[in-house]
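Student: Here it is: the structure, laid out below.
Just so it is clear, none of the values below were taken in a lab; they were calculated from the coordinates. None of these values were measured; they are calculated from a predicted model. Methodologically, a virtual Cβ is constructed for each residue, glycine included, from the backbone with ideal geometry; neighbour enumeration extends over all protein chains shown.
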Amino acid sequence: MSSVQGPDGLESMPCAAEAIKEGYLYKADGSYNLTKITTVTDVVLGIAAVSSIDDNGDAKTLTAGQTMNFFRPGCGKKVKVAMITGITLRRGDRIYTAQTAEADGCAKNSGANSAVCIGTYYGPDNVTTAANGELADVSLDTPVGGT
């Protein structure tokens, strides 16, 4: 059987007209371009491998359909994932999608409200996040739509 993923679980996928942020969680929009998740029940199709930046180092808004690299859920790789603020992460915590009120595109360590699991935290033990978007080490060991 041949693999449809690139090396290291990376896949180049089309994006919505927005800036892409490393470690944030993305879903398909109505045109099948990736956009940040906005609810706990969104199905994550990719975790951004890098941020889109312009020549000045600022966030760059992409043209709809422009591609970027994303890690696929279930690829088994340990990657950086954006977390919500004020959670304490313990090694082995399951990591889930977060609610809109907390931060679009971010993850958390609670499966409340039918959140979708994306993997397992494997960073330092007993770390509290200081801001939305803080990156943490997560193993993408749960397939798309995982529980």
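Student: Quick check: Cα centre of region 14-29 to Cα centre of region 64-91, how many Å?
Tutor: 11
Student: So what's the projected area for region 1-79, the Cα convex hull averaged over all directions, in nm²?
Tutor: One quarter of the hull surface, i.e. the mean projection, equals 6.0 nm².
Student: Report, by chain and number, residues whose modeled amide H sits under 5 Å from the one on residue 66, excluding near sequence neighbours (fewer than 5 apart, same chain).
Tutor: For residue 66, the qualifying residues are 15.
Student: So the label point goes 7 Å from the Cα of residue 88 along Cα→C-beta, right? Which residues of region 107-127 then have their backbone N under 12 Å from it?
Tutor: Only 126-127 fall inside the zone, counting backbone N under 12 Å.
Student: Rounding to the nearest 20 debye, state how big the charge dipole of the chain is about its Cα centre with +1 on each Lys and Arg Cβ and -1 on each Asp and Glu Cβ.
Tutor: The dipole of the chain has a size of about 400 debye.
Student: For a quick size check, give me the Cα extents of region 49-147 along its three principal axes, largest first, whole Å.
Tutor: Extents along the principal axes, in whole Å: 38, 28, 25.
Student: Taking a label point 7 Å from the Cα of residue 31 along the Cα→Cβ vector, which residues of region 57-101 have an amide N closer than 14 Å to it?
Tutor: Only 62-67 pass the distance filter.
Student: Within 14 Å, Cβ to Cβ, of residue 52, how many net charges do the neighbouring residues add up to if Lys/Arg are +1 and Asp/Glu are -1?
Tutor: So the environment of residue 52 carries a net charge of -2.
Student: So, counting K/R as plus one and D/E as minus one, what does the shell of residues with Cβ under 13 Å around residue 70 add up to?
Tutor: With Lys, Arg at +1 and Asp, Glu at -1, the net is +3.
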